[in-house]
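A.B. asks: Handing you this structure, nothing more for now.
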Amino acid sequence: MNDRRLVEIQFTRPNRWFQPLSWLIRKVQGTPYSHVRLAWNGVGGKVPVIYEASGRSLKFIGPIAAKNLNVKIVDSFKFNIDNNQYRSLVELCINYANVDYGKKQLIGIGLVHSFGLNHNPFADGRRSQVCSEVVGHFLEKILGWDLGVNLDIAGPKEIRDEIVKHRKLRKGI
């Protein structure tokens with residue numbers, strides 16, 4: 001049995017012409033993507049799974065529902081994790097599954113980036129999360145990275161920047 005698993009961090013945007021929230025996030029962040037999520041093959045490495053914060057909550061998305069998402073993957077990064085990390089990932093995702101999507105927190109992130117605030121007035125800890133927070137927890141708690149960002153104010157851009165920075169440090173660039 002393979003003792004390594006591949007987890008992919010995907011940066012996405014809707015494939016539909018105009019989605020106001022996605023457009024606003026991309027404008028504020030200055031990115032071609034508005035969302036970040038985790039993807040891997042679960043159930044013996046055979047069934048594709050997506051885990052994300054979107055809509056109303058944090059959730060798992062299986063292959064049937066994924067076909068109807070209508071999103072474009074703009075960028076992605078792959079990580080090999082061992083069985084212990086995989087168990088920790090699944091445990092983390094199950095613990096947060098169905099936690100509310102942080103709509104107020106998202107507004108706060110927009111305020112932080114638009115007005116140069118140093119804290120998110122709408123961050124509420126574990127009661128809700130946004131997509132970048134979900135992936136940030138994976139990087140910190142599963143991969144053991146010390147992120148240089150506050151997950152209450154980080155958007156997808158900051159998560160991508162941290163991945164690029166950590167990868168360069170590991171390669172000695």
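A.B. asks: For residues in segment 20-33 being crowded, with 19+ Cβ neighbours inside 10 Å and not β-branched (Val, Ile, Thr), which is farthest from Gly108 (Cα to Cα)?
C.D. replies: This residue is Tyr33.
A.B. asks: Taking the condition closer than 21 Å to Leu139 by Cβ, out of contact with any helix residue (DSSP H, G or I) (no Cβ under 6 Å at 6 or more places or on another chain), surrounded by 11 or more Cβ atoms within 10 Å (Cβ to Cβ) and polar (S, T, N, Q), does Thr12 pass?
C.D. replies: yes
A.B. asks: Going through Val99, Val90, Val130 one at a time, which residue ends up being within 28 Å of Arg4 (Cβ to Cβ), touching a residue at least 12 places away in the same chain (Cβ under 8 Å) and hydrophobic (A, V, I, L, M, F, W, C)?
C.D. replies: Answer to the check: Val90.
A.B. asks: For segment 98-129: of the residues being among the small types (Gly, Ala, Ser) and touching a strand residue (DSSP E or B) at 6+ places or on another chain (Cβ under 6 Å), which is farthest from Ala154 (Cα to Cα)?
C.D. replies: Selected residue: Ser128.
Here is a yes/no grid of residues against (1) crowded, with 17+ Cβ neighbours inside 10 Å; (2) more than 15 Å from the chain's Cα centre (by Cα); (3) basic (Lys, Arg):
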site: Phe18; (1), (2), (3): no, yes, no
site: His35; (1), (2), (3): yes, no, no
site: Leu38; (1), (2), (3): yes, no, no
site: Gly62; (1), (2), (3): no, yes, no
site: Ala97; (1), (2), (3): no, no, no
site: Gly102; (1), (2), (3): yes, no, no
site: Ser114; (1), (2), (3): no, yes, no
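A.B. asks: What pairs come out if I take residues in segment 3-29 that are farther than 16 Å from Asp75 by Cβ and pair them with residues that are assigned to a helix (DSSP H, G or I) and of a type in the set (S, T, N, Q) whose C-beta lies under 6 Å away, six or more apart or interchain?
C.D. replies: Asp3/Asn83
A.B. asks: Now, a different point. Filter segment 58-79 down to residues that are of a type outside the set (A, V, I, L, M, F, W, C) and at pLDDT 95 or above and give me whichever is nearest to Val134 (Cα to Cα).
C.D. replies: Taking the candidates together, the pick is Lys59.
A.B. asks: Now for a different question. Whether any residue in segment 138-156 is in a helix (DSSP H, G or I), closer than 19 Å to Ser22 by Cβ and either touching a residue at least 12 places away in the same chain (Cβ under 8 Å) or basic (Lys, Arg) (or both) is what I want to check.
C.D. replies: Checking segment 138-156: at least one residue is in a helix (DSSP H, G or I), closer than 19 Å to Ser22 by Cβ and either touching a residue at least 12 places away in the same chain (Cβ under 8 Å) or basic (Lys, Arg) (or both).
A.B. asks: Can you run down the residue pairs with Cβ atoms below 7 Å, 6 or more apart or on separate chains, where the first is in segment 66-84 and in contact (Cβ under 8 Å) with a residue 60 or more places away in the chain and surrounded by 12 or more Cβ atoms within 10 Å (Cβ to Cβ) and the partner is among the β-branched types (Val, Ile, Thr) and assigned to a helix (DSSP H, G or I)?
C.D. replies: From segment 66-84, the pairs are Phe77/Ile163; Ile81/Ile142.
The values are calculated or read from the model by the stated rules, or taken from the named source; none is laboratory data. Model, not experiment: these values are computed from the prediction. Cβ atoms come from the backbone with ideal geometry, glycine included; neighbour counts cover every protein chain shown.
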